[in-house]
Amino acid sequence: MTTPALEVEHVSFAYGPQKALDDVTFSVEAGRCAILLGPNGAGKTTLFNLITRLFDSPTGAIRIAGYDNRRQPCQALAHLGVVFQQPTLDLDLTVAQNLRYHAALHGLSRREADRRIAAELERLEMIQYRKTKVRALSGGYRRRVEIARALLHCPALLLLDEPTVGLDIPSRMALVEHVHGLAREGMGVLWATHLIDEVEPSDALIVLHRGKVRATGIVTEVIRRLEVTTLAEVFEVLTAEE
Ligand code: ATP
């Protein structure tokens, strides 16, 4: 059996008296796009902050490609690519400069970095923007650059925190298609969203509500388990419990 891209075991977290995650357990297999689906305040960003080690998890364990992110943080983070909710590119640098900086942080030689940058930009059909300042790009293209950056060091796990918020529909759908393609090629993806039209039937779902995992499984299994007929109704069930 291959090592899962991500294992989250019995993780809880609170902001003072405010409980944000309660005994969360799930895993993401390599080659699978897993959608972390939950309404506002469900705990998605908190979970991402624990996986990326922006916060320390006081309980349970988080492993990335088999590496414990508390006991083996360097190995764990070396296998992780992240696109945060808020864009983090330097607007005054070119696309290539932003990517080279990230490659250097991951210890890639300049030659290797340039080879991978060219390959990622080709895949995203934006090689012609290599020398363009990020400030001049549309929101959709900026997001593509962030994905290229997250992939430069060939991570086992790609984390996406609502990356399509604010994009127009064609850019959103292009991004959705690209990420599903990455999973088909073998990457593990964890994608936080509350937009159900971004979900494909073969995706794994982790339904999070008020910090608890309500259901996991592929889309059809979750729909059956929650005794609804469509994914949209999954949300209705959760909201009805508010
Ligand atoms: P959204 O989709 O709105 O980003 P989310 O699913 O990412 O929501 P979180 O931001 O992780 O949810 O929030 C989970 C819970 O923790 C919510 O009840 C939220 O109000 C609370 N929370 C989040 N950040 C803080 C904070 N800094 N201090 C106190 N409570 C917080």
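The values are calculated or read from the model by the stated rules, or taken from the named source; none is laboratory data. All figures in this text were calculated on a predicted structure; none of them were measured in a lab. Cβ: placed from backbone, ideal geometry, glycine included. Neighbour counts: every protein chain shown. Note: accessible area is taken over every heavy atom of the protein model, side chains too, but ligands, DNA and RNA are not part of it. Shrake-Rupley method; radii C 1.70, N 1.55, O 1.52, S 1.80 Å.
Looking at the range 1-14 only, could you name the residues that are without any contact (Cβ under 8 Å) to a residue 24 or more places away in the chain and within 16 Å of the ligand (Cβ to nearest atom)?
Taking the range 1-14 first, the residues without any contact (Cβ under 8 Å) to a residue 24 or more places away in the chain are 1, 14.
Ala14, the sole residue that qualifies.
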Restricting to the range 178-201, count the residues that are surrounded by fewer than 16 Cβ atoms within 10 Å (Cβ to Cβ), at pLDDT 90 or above and not in a loop (DSSP other than H, G, I, E, B).
2
May I ask you to say which residue of Asp68, Asp56 is surrounded by fewer than 21 Cβ atoms within 10 Å (Cβ to Cβ) and modelled with pLDDT under 95?
Asp56
Working only within the range 180-213, note down all residues that are away from the ligand (no atom under 13 Å from the Cβ) and of a type in the set (D, E, K, R).
Arg184, Glu185, Asp197, Glu198, Glu200, Asp203
Counting only residues that are open to solvent by 60 Å² or more (accessible area, probe 1.4 Å) and in contact with a helix residue (DSSP H, G or I) (Cβ under 8 Å, 6 or more places away or on another chain), how many does the range 94-122 have?
4
Counting only residues that are charged (D, E, K, R) and open to solvent by less than 50 Å² (accessible area, probe 1.4 Å), which one in the range 141-176 is farthest from the ligand (Cβ to nearest atom)?
Arg149
Looking at (1) farther than 19 Å from Arg143 by Cα; (2) modelled with pLDDT under 95; (3) within 16 Å of the ligand (Cβ to nearest atom), which one does Leu21 not meet, given that it meets all the others?
(2)
